[in-house]
Amino acid sequence: MSIYLRNSKGETLKTENKGKELNLTPEELLFLDFMGDSESVERTDSPVLETNYHTIDGVTGLLVVRNASLSAGKTVRPTNDITVIWGTYRLFKGNVQH
């Protein structure tokens, strides 16, 4: 198990998409992550096996299941190492936290 935290100053996170600057809320960031992970599930060369919204103790985040090895692609074998990731964005003390 590992825990990763990233704090960004302010109630929105500044990012860029196709040359356009965006200020995204935690909910919008979670949705964009879901869309990106969903596209990865559809690609045959991607190790991402599934992604969905999953709520733990009232907090909604993304649950992603993937092969640990990039070269494994979509193959599922008993010898494959699988990585399970749950993550979310939230406002914490007025700042976006991932």
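Collect the residues in segment 64-98 that are of a type in the set (Lys, Arg) and in a loop (DSSP other than H, G, I, E, B), keeping them in residue-number order. Walk me through it before giving the result.
Taking segment 64-98 first, the residues of a type in the set (Lys, Arg) are 66, 74, 77, 90, 93.
If the condition is that a residue be of a type in the set (Lys, Arg) and in a loop (DSSP other than H, G, I, E, B), then 74, 77, 93 are the ones that fit.
Kindly indicate whether any position in segment 20-38 is β-branched (Val, Ile, Thr), open to solvent by less than 80 Å² (accessible area, probe 1.4 Å), more than 13 Å from the chain's Cα centre (by Cα) and within 26 Å of residue 96 (Cβ to Cβ). First the steps, then the outcome.
Applying the first criterion (β-branched (Val, Ile, Thr)) to segment 20-38 yields 25.
In the following step, the residues that additionally are open to solvent by less than 80 Å² (accessible area, probe 1.4 Å) were identified as 25.
Add one more test, that the residue is more than 13 Å from the chain's Cα centre (by Cα), and what stays is 25.
Next, only the ones that are within 26 Å of residue 96 (Cβ to Cβ) stay: 25.
There is at least one residue in segment 20-38 that is β-branched (Val, Ile, Thr), open to solvent by less than 80 Å² (accessible area, probe 1.4 Å), more than 13 Å from the chain's Cα centre (by Cα) and within 26 Å of residue 96 (Cβ to Cβ).
Determine if segment 46-58 includes at least one residue that is surrounded by fewer than 16 Cβ atoms within 10 Å (Cβ to Cβ), free of Cβ contacts under 8 Å to residues at least 40 places away in the same chain and closer than 18 Å to residue 5 by Cβ. Full working, then the answer.
Going residue by residue through segment 46-58, those that are surrounded by fewer than 16 Cβ atoms within 10 Å (Cβ to Cβ) are 50, 52-58.
Applying the additional criterion that residues be free of Cβ contacts under 8 Å to residues at least 40 places away in the same chain yields 50, 52-58.
Of the ones still in play, those that are also closer than 18 Å to residue 5 by Cβ are 56-57.
Scanning segment 46-58 turns up at least one residue that is surrounded by fewer than 16 Cβ atoms within 10 Å (Cβ to Cβ), free of Cβ contacts under 8 Å to residues at least 40 places away in the same chain and closer than 18 Å to residue 5 by Cβ.
Which of the following residues is of a type in the set (Lys, Arg) and without any contact (Cβ under 8 Å) to a residue 60 or more places away in the chain: 43, 90?
Details: 90 fails: without any contact (Cβ under 8 Å) to a residue 60 or more places away in the chain.
On inspection, the qualifying residue turns out to be 43.
The values are calculated or read from the model by the stated rules, or taken from the named source; none is laboratory data. What you see is a predicted model; the values in this text were computed from it and never measured. Positions of Cβ are generated from backbone atoms using ideal geometry, with glycine treated the same way; all protein chains shown enter the neighbour counts. To get the accessible areas, we keep the full protein, side chains included, count just its heavy atoms, and leave off ligands, DNA and RNA. Shrake-Rupley method; radii C 1.70, N 1.55, O 1.52, S 1.80 Å.
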